[in-house]
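Just so it is clear, none of the values below were taken in a lab; they were calculated from the coordinates. Given the structure is predicted, the values throughout are model-derived calculations rather than measurements. As a convention, Cβ positions derive from the backbone with ideal geometry for all residues, glycine included, and neighbour counts pool all protein chains shown.
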Amino acid sequence: MTKSVLQVERAKYQPKMPAVLKQQVIAVDGEKTESVADRNEIKALFPNTYGLPVVSFQSTAETRSAPAVNVGVILSGGQAPGGHNVIAGLFDGIKKANKESRLFGFLLGPGGLLKGNAVELTSEIIDEYRNTGGFDIIGSDRTKLIQNAGHFERALKVLNALKVDGTEYKINALVIIGGDDSNTNACVLAEYFKSIGSDIQVIGCPKTIDGDLKNEQIETSFGFDTACKVYSEVIGNIQRDCNSAKKYWHFIKLMGRSASHIALECALQTHPNFCIVSEEIEEKNYTLDGIVEQIVELVITRNLAGKHFGTALIPEGLIEFIPEIKKLIKELNQILSTMNIDPNKIKKSELIDEISKRLSTESAELYSKRLPESVARQLALDRDSHGNVQVSLIETEKLLADKVSSLLKTKKDEELDALKEPGDEKEIKRIKSKYSFSPQTHFFGYEGRCAAPSNYDADYCYSLGYTAASLIGAQKTGYMSSVRNTTKSADKWLAGGIPITMMMNIEEKPITDSNGKLSLEKVPVIQKALVKLNGAPFREYAALREYWALNDDYVYPGPIQFYGPAELTDQPTMTLHLEQKKK
């Protein structure tokens, strides 16, 4: 494999980790826990893994011999920078406890577990992937495969007798590296194994660049730091172009389906002229047209100041947070779960008409008249394997840019029509300048998924993997690896585990079967962490956004820095700094 100079040098990097994990540790149980909501329902669904205590690791003078273990690991869902270091930390952790321990990677996500497709991850393989981006060491998959009794039984059979290179191994523990759905899977598997008396342990690790898997014990999900730095570099480059060309408005959509953490963090890093935070849109009950009017007002204000350019950041999941569209989607879910439609046998216009007949008056008007036909179709039929609207496919950035352009043209035409002297060239020129608008649109998504992890993510992920190994050594199951206090130097980080049931609640979710039929089911899931409008990161942004709107206080972060003083290389996100400031 041909390697760049950066790859060669990054392979030499030794991740920093909590001082306690460098010693012999014991697991200390804290208070018993409750789920974040729907406690009776969650307890009934998880009787064997509910109410477990939060675990912390402390050093001990005792010398303990650990038995050799066979550990399986799965990468699940979309890629996030640092996944390889989680596996490296897990490998080093189990090997330090007992050099005879083995690590097996299931290929291409949960499907690899059900099919029994695995490879032993040796030191030679692990060393090739340390501090690198991507999930290519074993691959991943987005399909939610482990969700019924048949799957559980198949997983148990595979783990009890995994065949690799002609040899059969009993897997003692399974580590699932993923987001909220994947860790919900981990919790369900842990409960199943406990319910049948199996001693197989299941541990989760918090991954998602969206940053919405966090709480008091999980400070951040890995990959968020790196992705935000990658996006902020490119946003900064675009803003430099803004200041140079002085004629374009850039509408930039960023990842973040269920929360606006990425957009908010990138705003704090780059100081754009406008940033939408979906949670605020929902809280203040803004309509789609209301958002457009806000942008139009800013464009006009900047034009009058001679600034015919700007940047606007848009979270990927915005469309689902606009109250009128959220209501529409809820109605669509109900309608589509009760009517049979074959999208291949009906024209687009007929489909929209057929659905509109079943919608409420307000939703029908929005769906059939105010949304582009392409968006209307995507909301109805282009669902992912879980039945969710595929918001990343909806070009919200273009939708907003087009609507802003249209409204500005309408306002310009009205003002031109109202001229007392139609031939007044000076006044015509002033009006055209006032409403001038040249948009450019961008979507930054996959560019941030597989980047080489920042020092923070390299360290944090390695520590998460090492902590997972310690949880296995402590005979824990149904836990998520937790590393906290990460705004301090790494030696002061705190390692432990949090019961996954503690993060769960019940939600109604659209579910699609193998035939594409959509239904609504109430299911246990990890509660997503949304942007808190009373939280320090949003309050920091809110205090500065009016200044950023009119004054081009652009910041150009540049590329991720791997080498140099710690102030440059090892700083976590501004979000984390602000959240932890008073703690």
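If you scale each eigenvalue of the Cα gyration tensor by 5 and take the root, what three semi-axes come out for region 114-251, rounded to whole angstrom and sorted largest first?
After diagonalising the Cα gyration tensor, the semi-axes are 40, 19, 13 Å.
Once R0 is set to 60 Å, what does the formula 1/(1 + (r/R0)^6) return for the Cβ-Cβ distance between GLU508 and ASP413, expressed as a FRET efficiency to the nearest 0.05?
Efficiency, rounded to the nearest 0.05: 0.85.
Counting other Cβ atoms within 10 Å, keep those with at most 16, restrict to DSSP loop, and tell me which trypsin sites (Lys or Arg not before Pro) in region 148-191 are left.
Of the trypsin sites (Lys or Arg not before Pro), the ones in loops of region 148-191 whose Cβ has at most 16 other Cβ atoms within 10 Å are LYS170.
What is the calculated FRET efficiency for SER195 to ALA66, with r their C-beta to C-beta distance and R₀ = 35 Å, to the nearest 0.05?
Result of the calculation: an efficiency of 0.85.
For region 410-487 and region 530-572, write down the distance between their C-alpha centroids in whole Å.
A separation of 12 Å, based on Cα centres.
Using only the alpha-carbon atoms, how far is helix 323-336 inclined from the longest principal axis of the chain? Give it as 0 to 90 degrees, nearest 10.
Helix 323-336 sits roughly 60 degrees off the main axis of the chain.
More than 19 Å apart: what percent of Cα pairs in region 216-371 qualify?
The share of Cα pairs beyond 19 Å in region 216-371 comes to 64 percent.
When you take every Cα atom in the chain, what is the radius of gyration, and what is Dmax, the widest Cα pair distance, in Å?
25.7, 93
Test of understanding: what is the full-extension gain from ASP353 to LYS115, defined as 0.36 nm times their sequence separation minus their Cα-Cα distance?
Stretched fully, the ASP353-LYS115 segment lengthens by 81.3 nm.
Any number yet on Rg/Rh for region 43-188, C-alpha, Kirkwood?
With Rh from the inverse mean 1/r over Cα pairs, Rg/Rh is 0.97.
Could you give the length gained on full extension between ASP29 and LEU393, defined as 0.36 nm per residue of separation minus the Cα-Cα distance, in nm?
Net length gain for the segment: 126.6 nm.
Work out the charge dipole of region 471-578 with +1 on the Cβ of Lys and Arg and -1 on the Cβ of Asp and Glu about the Cα centre, then indicate which of PRO524, LEU494, PRO565 is farthest towards its positive end.
Checking the options against the dipole of region 471-578, the answer is PRO524.
Would you mind giving the average projected area, over all directions, of the Cα convex hull of region 46-89 in nm² with one decimal?
Computing the convex hull of the Cα atoms and averaging its projections yields 6.1 nm².
Taking 22 Å as R0, compute the FRET efficiency from the Cβ-Cβ separation of LYS420 and LEU304 and round it to 0.05.
It comes to 0.60.
Output the Kirkwood hydrodynamic radius of region 168-237, Cα pairs only, in Å rounded to one decimal.
14.0 Å
Enter the angle in degrees (range 0 to 90, nearest 10) between the Cα long axis of helix 83-97 and the first principal axis of the Cα atoms of the chain, meaning the one along which they spread out most.
Taking the Cα atoms of the chain, the angle to 83-97 is about 20 degrees.
With no solvent and one equal point scatterer per Cα, compute the Debye intensity ratio I(q)/I(0) for region 265-304 at 0.34 Å⁻¹ and report its log10, rounded to two decimals.
Calculated log10 I(q)/I(0) at the listed q: -1.05.
Could you list log10 I(q)/I(0) for region 180-283 at q = 0.10, 0.22 Å⁻¹, which the Debye formula gives when each Cα is one point scatterer?
The Cα Debye sum returns log10 ratios of -0.42, -1.14.
Using only the Cα atoms of region 483-583, what are the Rg and Dmax in Å?
Taking only Cα atoms of region 483-583, I get Rg and Dmax of 20.2, 56 Å.
Extension gain THR569-LYS432, at 0.36 nm per residue separation less the Cα-Cα distance, in nm?
Extending this stretch completely gives an extra 44.7 nm.
How far is helix 425-434 tilted off the main Cα axis of the chain, in degrees rounded to 10, range 0 to 90?
20 degrees
Filter the cross-link list LYS330/LYS532; LYS488/LYS581; LYS409/LYS432; LYS32/LYS194 down to pairs whose alpha-carbon distance in this structure exceeds 20 Å.
Violating the 20 Å Cα-Cα cut-off are LYS330/LYS532.
Can you bin every Cα-Cα distance in region 70-118 into 10 Å intervals starting at zero and give me the percent of pairs per bin, rounded to whole numbers?
26, 48, 25, 1
Which number do you get for Rg(Cα) / (2.2 N^0.38 Å) in region 359-496?
Here the answer is 1.87, to two decimals.
With a sphere of radius 15 Å drawn around the Cβ of ALA227, what net charge do the other residues whose Cβ falls strictly inside it have (Lys, Arg +1; Asp, Glu -1)?
-2
Restricting things to alpha carbons, find the Rg to Rh ratio for region 1-92 using the Kirkwood radius for Rh.
Over the Cα atoms of region 1-92, Rg/Rh equals 1.07.
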